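Take a look at the structure set out below.
The values are calculated or read from the model by the stated rules, or taken from the named source; none is laboratory data. Bear in mind the structure is a predicted one, so any value in this text is a computation, not a measurement. For neighbour counting, all protein chains shown are included, and Cβ atoms are generated from backbone atoms with ideal geometry for every residue, glycine included.
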Amino acid sequence: MFKRILIANRGEIALRVQRTCRELGIETVAVYSEPDRNLLHVRHADRAVHIGDGPAIESYLNIEKIINAAKDSGADAIHPGYGFLSENASFADACADANITFIGPSGDAMKNLGDKVSARKIMEDANVPIVPGANDVDPANLTAAASEANRVGYPLLVKASAGGGGRGIRLVEKPEDLENAMRLASSEASSSFGNATIFFERFVSPARHIEVQIVADSHGNVSAFGERECSVQRRNQKVLEEAPSIAVNPAIREKLCAAAIAAAKGSGYENAGTVEFLMDNDGEFYFLEVNARLQVEHPVTELVYGGIDLVALQIAVADGGTVTDGLVDSGPIGWAIECRINGEDPYQNFRPSLGLIDYVEYPNGPGVRFDSMLFSGLDVPVFYDSLLGKLIVWAETRELAIQRMQRALQDLVISGPQTNIPFHRELMNNKDFQNGDIYTNWLENNFSMPEATKTEEEINLALTAAAIASLLKSQNTAGQAMPVNRVSKWTAAARKNSTQEITISSGEAGWRRGTR
Amino acid sequence: MASRYPLTIDDVNYIVQLDVRDEGIFVTIDDNEPFEVDATTSGLPGLMSILHSESNWLGYIVPESDGWRISHNNKHFQVTSTQAARKSRSKAGSEDLPGKISVPLAGILIEIRVSPGDVIKNGDTVAVIEAMKMQNEIKAPTDGVVTEIHLESGTRAEKGDVILDYEVSESDDLP
C-alpha cells in the first residue's frame, strides 16, 4: 500500500481525496499556488508544498513542479483529481518515468481515447454502439465528403477529432451548408488543437446524456457501477447530475454497462473512468467519449451503491488490487442528486461572482453531503473555476430526493458572492425537471430564470437590519480591526471589507436585545 | 428614545425609526404601524438574526461607503443611507461648477437663506429642500459672495437645477 500520496489538485476534490487517504492511513501531500495558501486542502494535508503563482500554467498545470514536489516530499503516488493534469498523457508518462504511481489510466490509454476518431474506431472494434457517422473525412475532397454526409443523414455534426469541451463542433442542417461548416471546423481544429482531422456524426436530438461509472483493475477485470443522468447542462457544462436515470430500466442498464465494460476492455483502460453515451427516447444509446479520470459527479454513484468509496477503489487498483468483473449488482438503491454550487449570478446571465465568503452555513441532517471548499472568511481566488461545492442528497425515491434537495438548498447559507443556489431552487420546483423530461438542450431552450424579486417583508427586514447596524456602528466606533501587513494584491480588495466589518459584538456573548 | 434612519433600497426611499427599549426593538417604517423585533448578533461580527412575528430572518451585513450590503436567503440587498449619499455629494460638490450651487435631489425648495451680496462660508446652509418628508440642508462648498438667485422658495426643484451663482473667494489652501 502507498505510504504517501500527493494530490495534484485544489478545492473540494483535493479535500475529497485527502479524506479517503486519511481513512486508509495514507499520508497526504497538498500542492498549492500562491493565492490558495488559505485553502482547506493546505490546512488539512500532512504536508503542503508551494508550487507557484496563481495562473494554473505556473502551478497546477506545471508537470515539472508537481513531479519535483512529489520527489521532495517522498510521495510514492499521485492522485490527479479532475481537471488540470488529470487527463494529460504526458503527466501520466512523467510519473511513470519518475517511478511514482499515477492513480489513473496509462498515458497510452489516454492518448488513444483522447483522439475522438481513434476512440470511435476502438469502440467499433469492441462492438460498442457509436453515433452513426463517418470517421475519416478528407476536407479537400468535397464530393466524397458530401456523399458520406448523405449516408450519415442530416442534420449532422461536423466535429474535430482532437476537440473537447464543446469546442470544434458545427451543426449542419442541410447539404448546402456542409462545405462551409467543414472549412470552419477544420481550421478551428487546426488552430485550437493543432490537428485538422474532422469527422461526421448524426445529430441525435432530443438526447439524454447518460454515463456509466467503471473501475478497471490491472488484471483485466472491469466493474460497472450503473449510470448517471447528466442531461441538465448549460453551454455543454453539467450543472446537476443524478443516479440512477429516470429513463434507464434494468434491461437498458445491463446493456449500457456491458457496452461500457467492452469499451474499457477494448482500450486497455485501467482505474476509474466514465463512459459517456447519448441516449434517445427509444432507449437507443451511442458512445460519446471516455472521461479518463474521477468525475466531479462521482458522489451520486457512491450514494446509490451502498456508500462505496470510488477514491479508495482507485487507490486499491493502482496498487494492484482487483475488482469483480461485470455489472455491480449491489445497486442502485434509492436516488441521489448533486447540485453544483457555483460562484455565479443566475440573475445576471450566470456571470462569475467570486470573492470573500463572509459567512457560510453547511446543510446537514439525514441523507445530505456537502463536498465543499468553503469556510467563513475564505477569499475565493479568481484564477480557477467557479465551483464552490457540490451539494449531494440521497433518498429512497427520486421524488423524496428532490424534496430533500429543496430542504438542503434552503439550509445552505452562503453570504458574500452571489451563488447559483436560487437557480437550483427554481430547478427543483420546475415541472419538466420533476417529471424527468430533461435533455441536453432542455435547460437552454426551455428554462428561464425568473427575475429576482424582493417581498415587502424582505425589504422591511433588510431596512430594519440596516437601521440596527447603523445604530450599533454609532454606539461602537472603536472596533476597527488591525491592518494586516503584506497581503498580496488579490486579497486586498476583499480583505478591506472584512477589516471594516461592523463591530456589533461586545464581549463573547455578542449583543442582544429582544423579548426574552 | 427613537433613532431615525433615512435608507434607500432599489431607488425607493424609506424612513426607518428604531425605538430601542428594554423589552425589545420597535420599528416604524415610514408612516406604517410599528412592529416589534427581537434582534441578536452572535460572536461573528456582521451576522444578525431577527425574529419578527415569530419567524426568523438571518442576514450578513457588510458596511460599504454609503450604506450596507446585506445577504439574506442567498440574495443581496443594497441598502444605502440617504443621508450619507447626500453628504458625500454636497461635500464633494461633484456636479457643481465653481461658482454655482445646485439642487442635489428633487423636492420642494422650502427655504433660501441667502440673498445677492451675502458673504457665504464653506459649510454654511444656503437653502433647504424637502424630499420624501425629509428636510435636507444644501451647504456652500467654498467661501464666496452670492451674486444671483435663480429659484424661488416654495417651488418644486429638480436635481441639478442651479439655485444660485456666487463669486468664489481667493483662498490660500487650494485643493
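Being in contact with a strand residue (DSSP E or B) (Cβ under 7 Å, 6 or more places away or on another chain) and at the interface with another protein chain (Cβ under 8 Å from one of its Cβ atoms) is the filter here, so list the residues in segment B:1-16 that pass it. Selection gives B:S3, B:Y5, B:L7, B:I9, B:Y14, B:V16.
Among strands (runs of 3 or more DSSP E) entirely within segment B:19-87, having at least 2 residues that are facing chain A (nearest Cβ under 7 Å) and at pLDDT 95 or above singles out B:24-29. Beta carbons closer than 6 Å, at least 6 apart along the sequence or on distinct chains, never pair a first residue in segment A:178-190 that is farther than 20 Å from A:D115 by Cα with a second that is of a type in the set (V, I, T) and part of a helix (DSSP H, G or I). Against the conditions (1) basic (K, R); (2) surrounded by fewer than 17 Cβ atoms within 10 Å (Cβ to Cβ); (3) over 29 Å from B:P63 (Cβ atoms), A:K390 satisfies every one except (2). A:P332 meets each of the listed conditions (1) in contact (Cβ under 8 Å) with a residue 24 or more places away in the chain; (2) under 25 Å from A:V131 (Cβ atoms) apart from (2). Quick check on A:L178: is it farther than 23 Å from A:F277 by Cβ and surrounded by 15 or more Cβ atoms within 10 Å (Cβ to Cβ)? Taking the combined requirement at face value, the residue satisfies it.
If you go through segment A:428-458 and pick out every residue that is within 12 Å of chain B (Cβ to nearest Cβ) and among the aliphatic types (A, V, I, L, M), you end up with 1.
Would you check if there is a residue in segment A:56-69 being of a type in the set (S, T, Y), in contact (Cβ under 8 Å) with a residue 12 or more places away in the chain and assigned to a strand (DSSP E or B)? No, every residue in segment A:56-69 fails to be of a type in the set (S, T, Y), in contact (Cβ under 8 Å) with a residue 12 or more places away in the chain and assigned to a strand (DSSP E or B).
For segment A:381-419, a residue qualifies if it is small (G, A, S), out of contact with any helix residue (DSSP H, G or I) (no Cβ under 9 Å at 6 or more places or on another chain) and in a loop (DSSP other than H, G, I, E, B), and exactly one does: A:S386.
One residue alone among A:A94, A:A119 is within 25 Å of A:G320 (Cβ to Cβ) and in a helix (DSSP H, G or I), and that residue is A:A94. Of A:E302, A:E289, A:E297, A:E270, all but one fail to be touching a helix residue (DSSP H, G or I) at 6+ places or on another chain (Cβ under 8 Å) and under 21 Å from A:N441 (Cβ atoms); the exception is A:E289.
Pick from segment A:247-271 the residues that are assigned to a loop (DSSP other than H, G, I, E, B) and without any contact (Cβ under 8 Å) to a residue 60 or more places away in the chain: which of them is surrounded by the fewest Cβ atoms within 10 Å (Cβ to Cβ)?
To start, the set of residues in segment A:247-271 that are assigned to a loop (DSSP other than H, G, I, E, B) comprises A:247-249, A:267-270.
Now restrict to residues that are without any contact (Cβ under 8 Å) to a residue 60 or more places away in the chain: A:248-249.
Values: A:V248: 24, A:N249: 11.
So, considering only residues that are assigned to a loop (DSSP other than H, G, I, E, B) and without any contact (Cβ under 8 Å) to a residue 60 or more places away in the chain, the one surrounded by the fewest Cβ atoms within 10 Å (Cβ to Cβ) is A:N249.
Looking only at segment A:427-438, filter to residues that are touching a residue at least 60 places away in the same chain (Cβ under 8 Å) and outside any loop (DSSP other than H, G, I, E, B); which one of those is surrounded by the fewest Cβ atoms within 10 Å (Cβ to Cβ)? Looking at the filtered set, the residue picked out is A:F433.
In segment A:174-192, which residues are touching a strand residue (DSSP E or B) at 6+ places or on another chain (Cβ under 9 Å) and either under 23 Å from A:K238 (Cα atoms) or part of a loop (DSSP other than H, G, I, E, B) (or both)? Once the filter is applied, which keeps residues that are touching a strand residue (DSSP E or B) at 6+ places or on another chain (Cβ under 9 Å) and either under 23 Å from A:K238 (Cα atoms) or part of a loop (DSSP other than H, G, I, E, B) (or both), segment A:174-192 yields only A:S192. Answer with yes or no whether A:A134 is within 18 Å of A:A196 (Cβ to Cβ), aliphatic (A, V, I, L, M) and out of contact with any helix residue (DSSP H, G or I) (no Cβ under 7 Å at 6 or more places or on another chain). Judged against the criteria, A:A134 is not a match.
Condition first: small (G, A, S), surrounded by fewer than 21 Cβ atoms within 10 Å (Cβ to Cβ), farther than 25 Å from A:L40 by Cβ and touching a helix residue (DSSP H, G or I) at 6+ places or on another chain (Cβ under 6 Å). Can you find one or more residues in segment A:367-380 that meet it? Scanning segment A:367-380 turns up no residue that is small (G, A, S), surrounded by fewer than 21 Cβ atoms within 10 Å (Cβ to Cβ), farther than 25 Å from A:L40 by Cβ and touching a helix residue (DSSP H, G or I) at 6+ places or on another chain (Cβ under 6 Å). Of all the residues in segment B:105-124, those that are modelled with pLDDT under 90 and β-branched (V, I, T) number 2.
Selection over segment A:439-467 of residues that are touching a residue at least 24 places away in the same chain (Cβ under 8 Å) and either in a helix (DSSP H, G or I) or surrounded by 12 or more Cβ atoms within 10 Å (Cβ to Cβ) (or both) gives a count of 8. Just one of the numbered conditions (1) touching a Pro at 6+ places or on another chain (Cβ under 9 Å); (2) modelled with pLDDT of 75 or more is not true of B:A92: (2). If the condition is being surrounded by fewer than 18 Cβ atoms within 10 Å (Cβ to Cβ) and closer than 27 Å to A:N445 by Cα, then segment A:408-424 contributes only A:Q410. If you check A:V49, A:V42 for being in contact with an Asp or Glu (Cβ under 9 Å, 6 or more places away or on another chain), aliphatic (A, V, I, L, M) and assigned to a helix (DSSP H, G or I), only one passes: A:V42.
Selection within segment A:468-477: residues that are among the hydrophobic types (A, V, I, L, M, F, W, C) and either more than 14 Å from every other protein chain (Cβ to nearest Cβ) or in contact (Cβ under 8 Å) with a residue 24 or more places away in the chain (or both). The member of this set that is nearest to B:N32 (Cα to Cα) is A:A469.
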